[in-house]
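The values are calculated or read from the model by the stated rules, or taken from the named source; none is laboratory data. Quick caveat, the model's predicted, so the values are computed rather than measured. Reconstructed Cβ throughout: ideal geometry from the backbone, glycine too, with neighbour counts over all protein chains shown. Quick note on the areas: whole protein, heavy atoms, side chains included, nothing else; ligands and nucleic acids left out. Shrake-Rupley method; radii C 1.70, N 1.55, O 1.52, S 1.80 Å.
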Amino acid sequence: MEATVAAIEPGRLAGTAAVPPSKSAAHRAVVCAALAAGTSHIGNVEFSQDILATLGAAQQLGAKVERGEHELTITGRGNADGFATITRPVFCNESGSTLRFILPLFSLTAQKVRFTGAGRLMQRPQEIYAQLFERQGLRFEQNEQGITIFGRLCPGTFTLPGNVSSQFISGLLFATPLMEAPSTIEVRAPFESRSYVDLTTDAMQKFGVKVSVRARKDGSATYKVAAPQHYAAADMDVEGDYSQAAFLAVLGSTVGGITITGLPSGSHQGDRVILDILKQCGAKFERSGSHVTFHRSLLKAVEIDLADCPDLGPVLIALGCFCSGTTIIRNAGRLRIKECDRIAAMQEELAKMGGTVKADGDTLTIEGCALHKPTTPLNGHNDHRIVMAMAVAALAAGQPAVIEGANAVNKSWPDFFEVIKGLGAHVTNQG
(Lines give C-alpha, C1' and ligand atoms only; values in the text may rest on other atoms or scores of the structure.)
Protein backbone atom coordinates (compact mmCIF):
# COMPACT_ATOMS: atom_id res chain seq x y z
CA MET A 1 0.00 0.00 0.00
CA GLU A 2 1.49 3.33 -1.06
CA ALA A 3 -1.09 5.67 0.51
CA THR A 4 -0.25 6.98 3.95
CA VAL A 5 -3.87 7.29 5.13
CA ALA A 6 -6.56 4.60 4.93
CA ALA A 7 -10.24 5.19 5.69
CA ILE A 8 -12.08 2.02 6.72
CA GLU A 9 -15.82 1.35 6.69
CA PRO A 10 -16.72 -2.06 8.14
CA GLY A 11 -19.32 -3.43 5.70
CA ARG A 12 -20.52 -7.02 5.95
CA LEU A 13 -17.46 -9.18 6.41
CA ALA A 14 -17.18 -12.76 5.19
CA GLY A 15 -15.19 -14.86 2.76
CA THR A 16 -11.88 -16.60 2.23
CA ALA A 17 -8.42 -15.07 2.43
CA ALA A 18 -4.95 -16.48 1.92
CA VAL A 19 -2.28 -15.41 4.39
CA PRO A 20 1.08 -14.24 3.07
CA PRO A 21 4.13 -16.47 3.24
CA SER A 22 5.89 -16.66 6.59
CA LYS A 23 8.34 -13.77 6.82
CA SER A 24 10.26 -15.69 9.48
CA ALA A 25 10.65 -18.73 7.24
CA ALA A 26 11.48 -16.65 4.17
CA HIS A 27 14.29 -14.75 5.94
CA ARG A 28 15.86 -18.05 6.98
CA ALA A 29 15.51 -19.65 3.56
CA VAL A 30 17.16 -16.66 1.86
CA VAL A 31 20.09 -16.68 4.30
CA CYS A 32 20.68 -20.41 3.91
CA ALA A 33 20.38 -20.27 0.11
CA ALA A 34 22.88 -17.39 -0.01
CA LEU A 35 25.38 -19.53 1.92
CA ALA A 36 24.81 -22.71 -0.10
CA ALA A 37 26.89 -24.12 -2.89
CA GLY A 38 24.70 -24.33 -5.97
CA THR A 39 21.35 -22.90 -6.97
CA SER A 40 18.28 -22.96 -4.72
CA HIS A 41 14.68 -22.31 -5.72
CA ILE A 42 12.34 -20.78 -3.14
CA GLY A 43 8.63 -20.56 -3.92
CA ASN A 44 5.71 -18.70 -2.31
CA VAL A 45 7.67 -15.54 -1.49
CA GLU A 46 6.21 -12.09 -0.85
CA PHE A 47 8.63 -9.24 -1.37
CA SER A 48 7.93 -7.16 1.72
CA GLN A 49 10.43 -4.48 2.76
CA ASP A 50 11.97 -6.82 5.35
CA ILE A 51 12.56 -9.63 2.85
CA LEU A 52 13.99 -7.17 0.32
CA ALA A 53 16.48 -6.06 2.99
CA THR A 54 17.65 -9.63 3.54
CA LEU A 55 17.92 -10.20 -0.20
CA GLY A 56 20.05 -7.08 -0.51
CA ALA A 57 22.37 -8.33 2.22
CA ALA A 58 22.62 -11.73 0.53
CA GLN A 59 23.69 -10.05 -2.69
CA GLN A 60 26.35 -8.06 -0.86
CA LEU A 61 27.78 -11.33 0.44
CA GLY A 62 28.07 -12.33 -3.21
CA ALA A 63 24.96 -14.42 -3.79
CA LYS A 64 23.25 -14.14 -7.17
CA VAL A 65 19.52 -13.44 -6.79
CA GLU A 66 16.87 -13.72 -9.49
CA ARG A 67 13.30 -12.69 -8.65
CA GLY A 68 10.11 -14.00 -10.17
CA GLU A 69 6.61 -12.86 -9.30
CA HIS A 70 6.45 -14.96 -6.14
CA GLU A 71 9.63 -17.02 -6.32
CA LEU A 72 13.38 -16.72 -5.98
CA THR A 73 16.37 -18.37 -7.59
CA ILE A 74 19.48 -17.90 -5.45
CA THR A 75 22.98 -19.09 -6.29
CA GLY A 76 25.08 -19.03 -3.14
CA ARG A 77 28.77 -18.62 -2.42
CA GLY A 78 29.33 -22.06 -0.90
CA ASN A 79 31.52 -21.00 2.01
CA ALA A 80 32.89 -17.96 3.80
CA ASP A 81 36.00 -17.91 1.61
CA GLY A 82 33.74 -17.14 -1.31
CA PHE A 83 32.17 -14.04 0.22
CA ALA A 84 32.45 -10.88 -1.82
CA THR A 85 34.41 -7.74 -0.99
CA ILE A 86 32.15 -5.35 0.92
CA THR A 87 32.27 -1.97 -0.80
CA ARG A 88 29.30 -0.11 0.74
CA PRO A 89 27.19 -0.13 3.92
CA VAL A 90 24.69 -2.96 4.35
CA PHE A 91 21.23 -1.38 4.51
CA CYS A 92 18.85 -3.35 6.72
CA ASN A 93 15.91 -0.92 6.48
CA GLU A 94 13.81 -1.54 9.63
CA SER A 95 14.36 -5.29 9.76
CA GLY A 96 15.75 -6.55 13.05
CA SER A 97 15.83 -10.08 11.63
CA THR A 98 17.99 -8.98 8.71
CA LEU A 99 20.50 -7.15 10.90
CA ARG A 100 20.87 -9.80 13.57
CA PHE A 101 20.86 -12.75 11.17
CA ILE A 102 23.57 -11.41 8.89
CA LEU A 103 25.88 -9.49 11.21
CA PRO A 104 27.88 -12.56 12.36
CA LEU A 105 28.06 -13.73 8.74
CA PHE A 106 29.57 -10.46 7.57
CA SER A 107 32.13 -10.71 10.37
CA LEU A 108 33.42 -13.85 8.64
CA THR A 109 34.55 -11.68 5.71
CA ALA A 110 37.20 -10.27 8.10
CA GLN A 111 36.49 -6.87 6.57
CA LYS A 112 35.36 -3.60 8.08
CA VAL A 113 31.58 -3.60 7.55
CA ARG A 114 29.03 -0.90 8.33
CA PHE A 115 25.32 -1.62 8.79
CA THR A 116 22.69 1.08 8.43
CA GLY A 117 18.93 1.10 8.80
CA ALA A 118 15.75 3.13 9.00
CA GLY A 119 13.21 3.98 11.68
CA ARG A 120 14.22 2.80 15.16
CA LEU A 121 16.40 -0.08 13.99
CA MET A 122 19.71 1.38 15.10
CA GLN A 123 18.23 2.29 18.47
CA ARG A 124 17.22 -1.29 19.17
CA PRO A 125 19.50 -3.14 21.62
CA GLN A 126 22.47 -5.06 20.22
CA GLU A 127 24.40 -5.56 23.46
CA ILE A 128 24.60 -9.33 22.96
CA TYR A 129 26.72 -8.94 19.82
CA ALA A 130 28.65 -6.02 21.30
CA GLN A 131 29.69 -8.21 24.24
CA LEU A 132 30.61 -11.18 22.03
CA PHE A 133 32.79 -9.03 19.81
CA GLU A 134 34.43 -7.37 22.81
CA ARG A 135 35.26 -10.74 24.39
CA GLN A 136 37.08 -11.77 21.22
CA GLY A 137 38.90 -8.44 20.94
CA LEU A 138 36.96 -7.42 17.85
CA ARG A 139 35.52 -4.04 16.92
CA PHE A 140 31.82 -3.32 17.42
CA GLU A 141 30.62 0.28 17.41
CA GLN A 142 27.00 1.39 17.45
CA ASN A 143 25.31 4.76 17.28
CA GLU A 144 22.01 6.03 15.90
CA GLN A 145 23.50 6.22 12.42
CA GLY A 146 24.71 2.64 12.21
CA ILE A 147 26.88 -0.23 13.42
CA THR A 148 30.48 -0.85 12.39
CA ILE A 149 32.23 -4.18 12.89
CA PHE A 150 35.77 -5.28 12.10
CA GLY A 151 37.18 -8.71 12.79
CA ARG A 152 36.30 -12.34 12.20
CA LEU A 153 34.32 -14.14 14.90
CA CYS A 154 36.15 -17.24 16.09
CA PRO A 155 34.57 -20.57 17.03
CA GLY A 156 34.16 -21.57 20.64
CA THR A 157 31.52 -21.62 23.34
CA PHE A 158 28.97 -18.81 23.23
CA THR A 159 26.78 -18.32 26.31
CA LEU A 160 23.65 -16.22 25.84
CA PRO A 161 20.75 -15.32 28.13
CA GLY A 162 17.50 -16.86 27.00
CA ASN A 163 15.37 -13.78 27.68
CA VAL A 164 16.77 -11.75 24.78
CA SER A 165 15.69 -11.78 21.16
CA SER A 166 16.11 -15.21 19.59
CA GLN A 167 17.50 -13.41 16.52
CA PHE A 168 20.92 -13.26 18.22
CA ILE A 169 20.94 -17.02 18.70
CA SER A 170 19.84 -17.58 15.11
CA GLY A 171 22.54 -15.25 13.79
CA LEU A 172 25.25 -17.23 15.57
CA LEU A 173 23.76 -20.51 14.39
CA PHE A 174 23.90 -19.38 10.75
CA ALA A 175 27.56 -18.41 11.05
CA THR A 176 29.09 -21.18 13.20
CA PRO A 177 29.04 -23.97 10.55
CA LEU A 178 31.24 -21.79 8.33
CA MET A 179 33.93 -21.35 11.01
CA GLU A 180 37.10 -23.43 11.09
CA ALA A 181 36.20 -25.50 14.18
CA PRO A 182 33.10 -26.65 16.10
CA SER A 183 31.14 -24.29 18.35
CA THR A 184 28.70 -24.62 21.21
CA ILE A 185 25.89 -22.16 21.92
CA GLU A 186 24.61 -22.30 25.50
CA VAL A 187 21.25 -20.61 26.06
CA ARG A 188 20.40 -20.00 29.70
CA ALA A 189 16.93 -20.35 31.17
CA PRO A 190 14.37 -18.97 30.82
CA PHE A 191 14.62 -19.60 27.06
CA GLU A 192 12.02 -17.32 25.50
CA SER A 193 11.04 -17.43 21.81
CA ARG A 194 12.66 -20.85 21.43
CA SER A 195 10.23 -21.71 18.64
CA TYR A 196 11.95 -19.11 16.44
CA VAL A 197 15.29 -20.85 16.99
CA ASP A 198 13.61 -24.13 16.04
CA LEU A 199 12.67 -22.50 12.72
CA THR A 200 16.33 -21.63 12.22
CA THR A 201 17.65 -25.13 12.90
CA ASP A 202 14.91 -26.58 10.67
CA ALA A 203 15.97 -24.30 7.82
CA MET A 204 19.65 -25.11 8.29
CA GLN A 205 18.93 -28.83 8.18
CA LYS A 206 16.88 -28.40 4.98
CA PHE A 207 20.01 -26.85 3.48
CA GLY A 208 22.27 -29.67 4.62
CA VAL A 209 23.73 -28.33 7.89
CA LYS A 210 23.52 -30.45 11.03
CA VAL A 211 22.86 -28.93 14.44
CA SER A 212 22.70 -31.00 17.64
CA VAL A 213 20.21 -29.70 20.19
CA ARG A 214 19.92 -30.66 23.85
CA ALA A 215 17.05 -29.16 25.84
CA ARG A 216 17.16 -29.40 29.62
CA LYS A 217 14.36 -29.62 32.17
CA ASP A 218 15.38 -26.28 33.69
CA GLY A 219 14.52 -24.55 30.40
CA SER A 220 18.07 -24.04 29.14
CA ALA A 221 19.37 -25.52 25.89
CA THR A 222 22.67 -26.36 24.20
CA TYR A 223 23.33 -26.22 20.45
CA LYS A 224 26.41 -27.99 19.13
CA VAL A 225 27.46 -27.13 15.60
CA ALA A 226 30.18 -29.10 13.83
CA ALA A 227 32.49 -27.09 11.57
CA PRO A 228 33.48 -26.61 8.93
CA GLN A 229 30.21 -27.63 7.27
CA HIS A 230 28.79 -26.58 3.91
CA TYR A 231 25.28 -25.43 3.17
CA ALA A 232 23.78 -27.31 0.21
CA ALA A 233 21.34 -25.88 -2.31
CA ALA A 234 17.69 -26.84 -1.78
CA ASP A 235 14.27 -26.23 -3.27
CA MET A 236 11.38 -25.30 -1.00
CA ASP A 237 8.14 -23.37 -0.71
CA VAL A 238 7.63 -20.93 2.14
CA GLU A 239 4.67 -21.85 4.36
CA GLY A 240 1.88 -19.47 5.37
CA ASP A 241 2.52 -16.97 8.16
CA TYR A 242 0.73 -17.59 11.47
CA SER A 243 1.76 -14.19 12.86
CA GLN A 244 -0.09 -12.47 10.00
CA ALA A 245 -2.95 -14.96 10.10
CA ALA A 246 -3.54 -13.88 13.70
CA PHE A 247 -5.07 -10.61 12.53
CA LEU A 248 -7.66 -12.39 10.37
CA ALA A 249 -8.18 -15.08 13.02
CA VAL A 250 -9.11 -12.50 15.66
CA LEU A 251 -11.35 -10.73 13.17
CA GLY A 252 -13.00 -14.01 12.19
CA SER A 253 -13.61 -14.92 15.82
CA THR A 254 -15.46 -11.66 16.42
CA VAL A 255 -17.48 -11.34 13.19
CA GLY A 256 -17.59 -14.93 11.89
CA GLY A 257 -17.70 -16.31 8.38
CA ILE A 258 -13.99 -15.95 7.58
CA THR A 259 -11.83 -18.78 6.26
CA ILE A 260 -8.04 -18.49 6.26
CA THR A 261 -6.05 -20.60 3.80
CA GLY A 262 -2.39 -21.56 3.74
CA LEU A 263 -1.89 -22.54 7.38
CA PRO A 264 0.00 -25.86 7.66
CA SER A 265 -1.05 -27.93 10.65
CA GLY A 266 2.46 -29.22 11.33
CA SER A 267 4.18 -25.84 11.41
CA HIS A 268 6.93 -25.09 13.94
CA GLN A 269 6.08 -21.39 13.97
CA GLY A 270 5.64 -20.23 17.54
CA ASP A 271 2.84 -17.91 16.51
CA ARG A 272 0.66 -20.91 15.66
CA VAL A 273 -0.30 -20.63 19.34
CA ILE A 274 -2.83 -18.00 18.23
CA LEU A 275 -5.26 -20.85 17.56
CA ASP A 276 -4.78 -22.24 21.07
CA ILE A 277 -5.26 -18.80 22.61
CA LEU A 278 -8.45 -18.19 20.66
CA LYS A 279 -9.78 -21.61 21.61
CA GLN A 280 -9.16 -20.81 25.29
CA CYS A 281 -11.09 -17.58 24.76
CA GLY A 282 -14.05 -19.58 23.48
CA ALA A 283 -13.55 -19.06 19.75
CA LYS A 284 -15.20 -21.62 17.49
CA PHE A 285 -13.37 -22.72 14.36
CA GLU A 286 -12.54 -25.86 12.43
CA ARG A 287 -9.62 -26.94 10.28
CA SER A 288 -9.72 -28.73 6.95
CA GLY A 289 -6.18 -29.34 5.77
CA SER A 290 -4.50 -25.95 5.62
CA HIS A 291 -7.86 -24.09 5.76
CA VAL A 292 -9.25 -22.76 9.05
CA THR A 293 -12.82 -21.41 9.20
CA PHE A 294 -13.84 -19.10 12.04
CA HIS A 295 -17.33 -18.55 13.43
CA ARG A 296 -18.64 -15.62 15.38
CA SER A 297 -18.08 -16.44 19.03
CA LEU A 298 -18.74 -15.10 22.50
CA LEU A 299 -15.23 -14.55 23.77
CA LYS A 300 -14.05 -14.59 27.38
CA ALA A 301 -10.90 -13.15 28.95
CA VAL A 302 -7.93 -15.41 29.69
CA GLU A 303 -4.30 -15.08 30.81
CA ILE A 304 -1.76 -15.06 27.99
CA ASP A 305 2.02 -15.58 28.16
CA LEU A 306 3.72 -13.59 25.40
CA ALA A 307 7.26 -14.88 26.06
CA ASP A 308 7.34 -17.21 23.03
CA CYS A 309 5.13 -15.17 20.70
CA PRO A 310 5.91 -11.44 21.08
CA ASP A 311 4.80 -10.61 17.52
CA LEU A 312 1.23 -11.47 18.52
CA GLY A 313 1.23 -8.72 21.14
CA PRO A 314 -0.64 -5.93 19.31
CA VAL A 315 -3.47 -8.09 17.97
CA LEU A 316 -3.86 -9.87 21.33
CA ILE A 317 -4.17 -6.50 23.05
CA ALA A 318 -6.94 -5.65 20.58
CA LEU A 319 -8.52 -9.07 21.18
CA GLY A 320 -8.77 -8.28 24.90
CA CYS A 321 -11.28 -5.52 24.15
CA PHE A 322 -13.68 -8.10 22.70
CA CYS A 323 -13.43 -10.58 25.57
CA SER A 324 -15.77 -10.39 28.55
CA GLY A 325 -13.77 -9.81 31.73
CA THR A 326 -10.14 -8.80 32.20
CA THR A 327 -7.49 -10.15 29.85
CA ILE A 328 -4.01 -10.44 31.38
CA ILE A 329 -0.95 -10.56 29.12
CA ARG A 330 2.33 -11.48 30.80
CA ASN A 331 5.94 -11.12 29.61
CA ALA A 332 5.04 -8.25 27.30
CA GLY A 333 8.08 -6.08 28.01
CA ARG A 334 9.80 -6.81 24.70
CA LEU A 335 6.98 -5.00 22.90
CA ARG A 336 8.56 -1.73 23.96
CA ILE A 337 11.67 -2.24 21.78
CA LYS A 338 10.08 -3.08 18.44
CA GLU A 339 9.46 -0.70 15.52
CA CYS A 340 7.78 1.48 18.13
CA ASP A 341 6.84 1.11 21.78
CA ARG A 342 3.96 -1.20 20.97
CA ILE A 343 2.50 -1.08 24.47
CA ALA A 344 2.33 2.73 24.52
CA ALA A 345 1.04 2.77 20.93
CA MET A 346 -1.82 0.35 21.63
CA GLN A 347 -2.71 2.21 24.83
CA GLU A 348 -2.87 5.51 22.96
CA GLU A 349 -4.82 4.26 19.94
CA LEU A 350 -7.34 2.04 21.74
CA ALA A 351 -8.06 4.91 24.15
CA LYS A 352 -9.38 6.84 21.14
CA MET A 353 -12.02 4.09 20.83
CA GLY A 354 -12.80 3.74 24.53
CA GLY A 355 -10.41 0.86 25.23
CA THR A 356 -8.36 0.64 28.41
CA VAL A 357 -4.94 -0.99 28.50
CA LYS A 358 -2.99 -0.84 31.77
CA ALA A 359 0.69 -1.71 32.07
CA ASP A 360 2.41 -2.84 35.27
CA GLY A 361 5.97 -3.77 34.43
CA ASP A 362 5.83 -6.57 31.86
CA THR A 363 2.15 -7.34 32.57
CA LEU A 364 -0.78 -5.82 30.70
CA THR A 365 -4.47 -5.85 31.64
CA ILE A 366 -7.21 -5.12 29.12
CA GLU A 367 -10.84 -4.66 30.08
CA GLY A 368 -13.48 -6.02 27.74
CA CYS A 369 -15.59 -3.16 26.40
CA ALA A 370 -17.65 -1.91 23.47
CA LEU A 371 -15.31 0.12 21.31
CA HIS A 372 -16.76 3.26 19.73
CA LYS A 373 -15.79 5.26 16.66
CA PRO A 374 -12.34 6.81 17.17
CA THR A 375 -12.52 10.36 18.48
CA THR A 376 -9.54 11.35 16.29
CA PRO A 377 -7.68 9.60 13.46
CA LEU A 378 -5.77 6.50 14.53
CA ASN A 379 -2.00 6.56 14.13
CA GLY A 380 0.05 3.60 12.94
CA HIS A 381 3.22 4.74 14.76
CA ASN A 382 5.28 3.61 11.73
CA ASP A 383 4.60 0.02 12.81
CA HIS A 384 2.98 -2.56 10.56
CA ARG A 385 1.51 -4.57 13.43
CA ILE A 386 -0.04 -1.51 15.06
CA VAL A 387 -1.72 -0.54 11.78
CA MET A 388 -3.13 -4.03 11.26
CA ALA A 389 -4.21 -4.44 14.88
CA MET A 390 -6.12 -1.15 14.80
CA ALA A 391 -7.74 -2.02 11.48
CA VAL A 392 -8.93 -5.30 13.02
CA ALA A 393 -10.17 -3.50 16.13
CA ALA A 394 -12.23 -1.06 14.07
CA LEU A 395 -13.66 -3.76 11.81
CA ALA A 396 -14.47 -6.09 14.69
CA ALA A 397 -16.21 -3.24 16.51
CA GLY A 398 -18.15 -2.33 13.38
CA GLN A 399 -16.81 1.21 13.53
CA PRO A 400 -15.42 3.44 10.77
CA ALA A 401 -11.87 4.62 11.29
CA VAL A 402 -9.14 6.62 9.63
CA ILE A 403 -5.61 5.25 10.06
CA GLU A 404 -2.66 7.54 9.43
CA GLY A 405 0.63 5.93 8.45
CA ALA A 406 -1.23 2.97 6.95
CA ASN A 407 1.58 2.29 4.46
CA ALA A 408 3.62 0.79 7.33
CA VAL A 409 2.03 -2.52 6.31
CA ASN A 410 4.55 -2.62 3.44
CA LYS A 411 7.10 -3.83 5.98
CA SER A 412 5.52 -7.27 6.17
CA TRP A 413 2.15 -7.52 4.35
CA PRO A 414 1.81 -5.01 1.51
CA ASP A 415 -1.54 -6.49 0.41
CA PHE A 416 -3.20 -6.37 3.85
CA PHE A 417 -5.76 -3.74 2.93
CA GLU A 418 -6.56 -5.49 -0.36
CA VAL A 419 -7.18 -8.68 1.60
CA ILE A 420 -9.64 -7.08 4.01
CA LYS A 421 -11.34 -5.37 1.07
CA GLY A 422 -11.80 -8.83 -0.41
CA LEU A 423 -13.58 -9.84 2.80
CA GLY A 424 -16.07 -6.98 2.44
CA ALA A 425 -14.44 -4.03 4.18
CA HIS A 426 -14.58 -0.68 2.42
CA VAL A 427 -11.13 0.89 2.29
CA THR A 428 -10.27 4.15 0.58
CA ASN A 429 -6.86 5.77 0.28
CA GLN A 430 -6.58 9.39 1.30
CA GLY A 431 -2.98 10.34 0.72
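For the chain, modelled as a GNM whose springs connect Cα atoms under 10 angstrom apart, the maximal fluctuation among Gly137, Gly262, Gly171 occurs at Gly137. Dimensions of the stretch 1-132 along the principal axes, based on C-alpha atoms and rounded to the nearest Å, stand at 58, 36, 23, largest first. Among residues other than Gly62 with Cβ under 15 Å from its Cβ, the summed charge is +1 (Lys and Arg +1, Asp and Glu -1).
If you put +1 on each Lys and Arg Cβ and -1 on each Asp and Glu Cβ, how big is the dipole of the chain around its Cα centre, in Debye rounded to 20?
Details: 40 positive and 41 negative charges, 122 e Å.
Dipole of the chain, to the nearest 20 debye: 580 debye.
Scalar couplings 3J(HN,Hα) for the stretch 18-29, obtained by applying the Karplus form with A = 6.51, B = -1.76, C = 1.60 to θ = phi - 60°, are 8, 7, x, x, 4, 5, 4, 5, 5, 3, 5, 5 Hz; x denotes Gly and Pro.
Taking the Cα centre of the stretch 122-166 as origin, sum charge times position over the Cβ atoms of Lys and Arg (+1) and Asp and Glu (-1), and report the length of that vector in debye to the nearest 20. Could you put the intermediate results ahead of the total?
On the way: 4 positive and 4 negative charges, 33 e Å.
I would put it at about 160 debye.
Within a straight-line Cα-Cα reach of under 22 Å, Lys224 can be paired with the following lysines, leaving aside sequence neighbours fewer than 8 residues apart in one chain: Lys206, Lys210.
What Kirkwood Rh does the chain have if only Cα atoms enter the pairwise 1/r average? Answer in Å. Over the chain, the inverse of the mean reciprocal pair distance is 22.0 Å.
Report, in deg cm²/dmol and to the nearest 500, the calculated mean residue ellipticity at 222 nm for the chain, where each DSSP H run with n ≥ 4 adds -39500 (n - 2.57) and the sum is divided by the residue count. Numbers along the way, then the final one.
Numbers: 12 runs with 131 residues, N = 431.
So the helix-based figure for the chain works out to -9000 deg cm²/dmol.
Residue by residue, the stretch 5-13 carries 3J(HN,Hα) couplings of 10, 10, 9, 10, 10, x, x, 8, 9 Hz when phi is fed to the Karplus relation 6.51 cos²θ - 1.76 cosθ + 1.60 (θ = phi - 60°); x denotes Gly or Pro.
Given the C-alpha atoms of the stretch 170-267, compute the convex hull and give its volume per residue in Å³. Don't skip to the answer; put the middle values down first.
Details: hull volume 11.7 nm³, N = 98.
In the stretch 170-267, the Cα hull volume divided by residue count equals 120 Å³.
What is the sum of charges around Asp235, taking Lys and Arg as +1, Asp and Glu as -1, for the other residues whose C-beta is under 13 Å from the C-beta of Asp235?
On the way: positive: Lys206; negative: Glu71, Asp237.
Charge balance in the 13 Å sphere: -1.
Taking amide H as placed 1.01 Å from N in the peptide plane, Leu108 has its amide H under 5 Å from the amide H of Leu153, each at least 5 places away in sequence or on another chain. Exposure check, 1.4 Å probe, all protein chains in place: Thr16 carries approximately 90 Å² of accessible surface. Note on surface exposure: Cys340, Cys369 rank Cys369, Cys340 by accessible area, highest first, 1.4 Å probe. Scanning residues 5 or more positions from Thr16 or on other chains, those with amide H under 5 Å from its amide H are Thr259, with H placed 1.01 Å from N in the peptide plane. Find which of Leu108, Ile149, Gly119 sits farthest along the positive direction of the dipole of the stretch 103-150, computed with +1 on the beta-carbon of Lys and Arg, -1 on that of Asp and Glu, about the Cα centre. Final value for the positive-end residue is Leu108. For the stretch 1-131, the relative contact order is 22 percent, taking Cα pairs closer than 8 Å that sit 6 or more residues apart in sequence and dividing their mean separation by the residue count. Straight-line reach from Lys421: taking Cα to Cα under 20 Å and skipping same-chain neighbours fewer than 8 places apart, the aspartates and glutamates in range are Glu2, Glu9, Glu46, Asp241, Glu404. Across bins of 10 angstrom width beginning at 0, how are the C-alpha pair distances of the stretch 236-311 distributed, in whole percent? Reading upward from the zero bin: 19, 54, 25, 2.
For the stretch 417-424, the Karplus equation 6.51 cos²θ - 1.76 cosθ + 1.60, evaluated at θ = phi - 60°, returns couplings of 5, 5, 5, 6, 5, x, 8, x Hz by residue, with Gly and Pro reported as x.
Taking only Cα atoms and a 10 Å spring cutoff, compute GNM fluctuations for the chain and point out the largest among Gln136, Gln347, Gln49. Between Gln136, Gln347, Gln49, it is Gln136 that shows the largest mean-square fluctuation.
Once the 1.4 Å probe is applied to the protein heavy atoms, the chain comes out at 37 Å² accessible per residue. Hey, any idea what % of the chain's accessible area is carbon plus sulfur with a 1.4 Å probe? Exposed carbon and sulfur together represent 47 percent of the surface.
Could you work out the relative contact order of the chain? I mean the mean sequence separation of Cα pairs under 8 Å and 6+ apart, divided by the number of residues, in percent.
Values: 1038 pairs, mean separation 89.5, N = 431.
Once normalised by length, the contact order is 21 percent.
Dipole magnitude for the stretch 281-431: about 300 debye, using +1 per Lys or Arg Cβ and -1 per Asp or Glu Cβ, origin at the Cα centre.
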